[in-house]
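> This is the structure I want to talk about, given as structure tokens.
Derivation of every value follows stated rules applied to the coordinates shown; laboratory data play no part. Just so we're clear, the structure is a prediction, and the values are computed from it rather than from any experiment. Cβ sites come from the backbone with ideal geometry, for glycine too, and all protein chains shown count toward neighbours.
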There are 2 protein chains.
Amino acid sequence: MNQFPIGEHISQEFNSELGGLRRQLLTMGGLVEQQIIDALRVLREGDSALAEKLDQADQEINQLEIALDEAGSHILVRRQPAASDLRLIFAILKASSDLERVGDEASKIGRLFLSLPIQERDPAGFHEVVRLGEAAQNIIHGALDAFARVDANAALTILREDFRIDRDYESFIRQSITYMMEDPRTIRRVFNSLWIGRSMERIGDHAKNICEYVIYLVYGKDVRHARTDEIEKLMHTRPGTSK
Amino acid sequence: MNQFPIGEHISQEFNSELGGLRRQLLTMGGLVEQQIIDALRVLREGDSALAEKLDQADQEINQLEIALDEAGSHILVRRQPAASDLRLIFAILKASSDLERVGDEASKIGRLFLSLPIQERDPAGFHEVVRLGEAAQNIIHGALDAFARVDANAALTILREDFRIDRDYESFIRQSITYMMEDPRTIRRVFNSLWIGRSMERIGDHAKNICEYVIYLVYGKDVRHARTDEIEKLMHTRPGTSK
């Protein structure tokens with residue numbers, strides 16, 4: 001079963017190799033999603049034991065990225081992939097590098113949490129970053145789903161979502177500055193949530209990157225530095241190869 | 001002249017294509033280095049006109065990354081590169097993605113600077129981040145140099161440097177928090193330099209990534225998640241392919 005309906009491959013074996021690469025990526029995506037969920041639970045419930053587990057999960061994700069890179073290279077060396085297959089392999093390798101960085105952010109949250117004195121591990125202090133984190137989790141989930149279904153329209157929808165997280169993040173920073181100015185005793189506490197908020201924003205950015213790879217996969221066009229209206233125009237004027 | 005002494009290619013044409021790819025990367029590296037230098041000048045001299053130019057230079061760098069990706073794909077499609085050549089192409093493409101992000105950080109510094117009210121553009125307020133930035137510039141320069149010379153030993157030296165920048169960055173943050181607590185009127189000003197300091201730290205991280213690709217190029221081993229002592233051990237027990 002080839003769920004990436006791009007190109008027809010003469011070789012069944014090659015097909016199954018590509019399928020395997022894709023499955024590896026989605027497995028990695030599942031682990032990364034679980035890590036974000038766990039990081040959010042750490043913050044919501046003040047769960048220190050779970051915070052310790054985040055670093056361990058990150059090492060597993062790192063190993064998966066290395067394995068994916070190696071598997072991708074082997075396919076490239078042994079086969080002579082057509083342009084569209086090459087695009088698929090590239091997109092998978094790039095997405096895996098973004099997922100690895102998302103894993104880094106989640107484990108950074110765990111380490112930060114563990115570095116706090118017990119009295120600062122109060123879930124009440126993380127209310128706002130948890131909201132940012134839920135938004136980040138949503139768009140990572142959506143981005144992986146769009147990748148699995150090679151759905152450029154879904155990817156475009158998520159690209160627009162990311163601008164919203166960026167806006168929320170900015171207003172979160174402005175609010176944090178206000179808190180600190182009003183009551184300097186909160187500075188240290190506000191700082192902790194600022195670092196976590198920054199990780200959430202970056203998770204959103206990686207989701208955005210993954211969506212851009214989906215559009216690259218379907219339209220063959222690198223849209224990393226394009227505005228969303230330019231991407232929309234591309235999608236209206238050029239039929240996707242998977243449509 | 002092939003300055004990448006890895007593998008002997010039967011085809012002269014292929015050789016010159018690889019050389020071209022490499023030159024494109026080094027051109028990109030030169031532009032990125034200049035952008036860091038310009039960002040530092042903006043901070044040192046309060047030069048608003050130059051700050052505006054940073055964004056423009058970033059767009060040029062973005063286009064270079066896209067062009068490199070395309071050139072790399074074409075080579076992969078047309079040739080059947082041997083494992084060592086594939087490694088070179090991979091390393092170039094990965095390094096170009098890091099350079100592109102360095103360019104993003106530099107133009108972010110320009111935008112932040114321009115968003116400040118005139119009285120906050122005072123170079124006196126940026127003294128500490130400029131020091132961080134000089135260290136970042138140094139290690140980017142060293143990383144590009146190690147890449148150009150495929151010098152794994154130089155790359156390892158720089159990997160150790162990056163830990164020092166990370167330490168300096170952390171003490172900079174601790175100091176910033178102290179300033180704010182002592183005089184809450186400085187909060188907004190300190191925040192500006194915090195964002196800039198964060199960009200400098202990330203530039204250091206990208207330099208570190210580039211060094212890891214050099215070691216990957218020479219030793220064929222992905223060391224992205226290895227500790228420096230593990231890398232040293234690898235370099236002592238396994239002769240590099242370029243040695």
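> Classify the range B:12-234 as rounded, prolate or oblate from the Cα gyration tensor: take a ≥ b ≥ c as the square roots of its eigenvalues, call it rounded if a/c is under 1.5, otherwise prolate when a/b beats b/c and oblate if not. Write down the numbers at each step before the final one.
On the way: a/c = 3.13, a/b = 1.68, b/c = 1.87.
Oblate, since a/c reaches 1.5 and b/c is not below a/b.
> For the pair B:Leu26/A:Arg131, report the inter-label distance in nm, with labels modelled 7 Å from Cα in the Cβ direction.
That separation, rounded to one decimal, is 5.3 nm.
> Continuing with the same structure: Which of A:Gln59, A:Ser107, A:Ala71 sits closest to the plus end of the dipole of chain A, meaning its Cα is farthest towards the positive end, when Lys and Arg get +1 and Asp and Glu get -1 on the C-beta?
Towards the positive end, the residue furthest out is A:Ala71.
> Suppose every K and R has +1 on its Cβ and every D and E has -1 on its Cβ; what is the size of the dipole of the range A:12-234 about the Cα centre, in Debye to the nearest 20? Present the calculation step by step, with values, prior to reporting the outcome.
Working: 29 positive and 38 negative charges, 56 e Å.
With Lys and Arg at +1 and Asp and Glu at -1, about 260 debye.
> Nearest 10 degrees is fine. How inclined is helix B:83-115 to the longest principal axis of chain B, computing both from alpha carbons?
The answer is roughly 10 degrees.
> Enumerate the calculated ³J(HN,Hα) couplings along the range B:181-187 in order (Karplus 6.51 cos²θ - 1.76 cosθ + 1.60, θ = phi - 60°), each rounded to whole Hz, writing x wherever the residue is Gly or Pro.
Each residue of the range B:181-187 in turn: 5, 6, 9, x, 5, 8, 3 Hz.
> So what's the back-of-envelope 222 nm ellipticity for chain A, counting only DSSP H runs of four-plus at -39500 (n - 2.57) apiece and dividing by all residues, rounded to 500? Walk me through the intermediate numbers first.
Working: 7 runs with 195 residues, N = 243.
Roughly -29000 deg cm²/dmol at 222 nm, from the helical runs in chain A.
> Then there's this: If you put +1 on each Lys and Arg Cβ and -1 on each Asp and Glu Cβ, how big is the dipole of the protein assembly as shown around its Cα centre, in Debye rounded to 20?
Values: 62 positive and 78 negative charges, 38 e Å.
It comes to approximately 180 debye.
> Sticking with this one: Which residue, A:Thr186, A:Ile158, A:Tyr219, has the largest displacement toward the positive end of the dipole of the range A:123-232 when charges sit on each Cβ (Lys, Arg +1; Asp, Glu -1)?
Toward the positive end, the furthest listed residue is A:Thr186.
> To continue, here is another question. Mind giving me the FRET efficiency for A:Asp122 and A:Thr157? R0 is 41 Å, r the Cβ-Cβ distance, nearest 0.05 is fine.
Details: r = 36 Å, r/R0 = 0.88.
Given R0 = 41 Å and the Cβ-Cβ separation, E is 0.70.
> Follow-up question, since we're still on this one. As an exercise, identify the GluC sites (Glu not before Pro) in the range B:178-242 lying in DSSP coil whose Cβ has no more than 11 other Cβ atoms within 10 Å.
Filter output for the range B:178-242: empty list.
> Most fluctuating residue of A:Leu18, A:Leu64, A:Leu76 in a GNM of chain A with Cα springs under 10 Å: which is it?
Answer for the Gaussian network model of chain A: A:Leu76.
> For the residues A:Asp229, B:Asp168, what sequence is obtained by ranking on other C-beta atoms within 10 Å, fewest first?
On the way: A:Asp229 8, B:Asp168 18.
Least crowded to most crowded, the residues run A:Asp229, B:Asp168.
> Next question. So for the range B:12-234, averaging the separation of alpha carbon pairs under 8 Å that are six or more residues apart and normalising by length, what relative contact order in percent results?
On the way: 255 pairs, mean separation 58.9, N = 223.
26 percent.
> Then there's this: Hey, quick one: spin label on B:Ser48, modelled 7 Å out along Cα-Cβ, who in the range B:183-210 has an amide N within reach, i.e. under 11 Å?
none
> Here's another thing I want to ask about it. Could you state the angle between the C-alpha long axis of helix B:12-45 and the longest principal axis of the C-alpha atoms of chain B, as a value from 0 to 90 degrees rounded to the nearest 10?
For helix B:12-45, the angle is close to 10 degrees.
> Based on other C-beta atoms within 10 Å, arrange B:His236, A:His141, A:His206 from fewest to most. Intermediate values should be presented prior to the final figure.
Values: B:His236 8, A:His141 16, A:His206 25.
The most exposed by this proxy come first: B:His236, A:His141, A:His206.
> Hey, got the dipole for the range B:75-154? About the Cα centre, +1 on K and R Cβ, -1 on D and E Cβ, debye to the nearest 20? Don't jump to the answer; show the numbers that get you there.
On the way: 10 positive and 11 negative charges, 88 e Å.
Magnitude of the dipole: close to 420 debye.
> Please compute the modelled spin-label separation between B:Gln56 and A:Arg227, points set 7 Å along Cα→Cβ, answer in nm with one decimal.
That separation, rounded to one decimal, is 1.9 nm.
> Specify the residue with the greatest mean-square fluctuation among B:Met200, B:Met181, B:Met28, computed from a Gaussian network of chain B linking alpha-carbon atoms under 10 Å apart.
B:Met181
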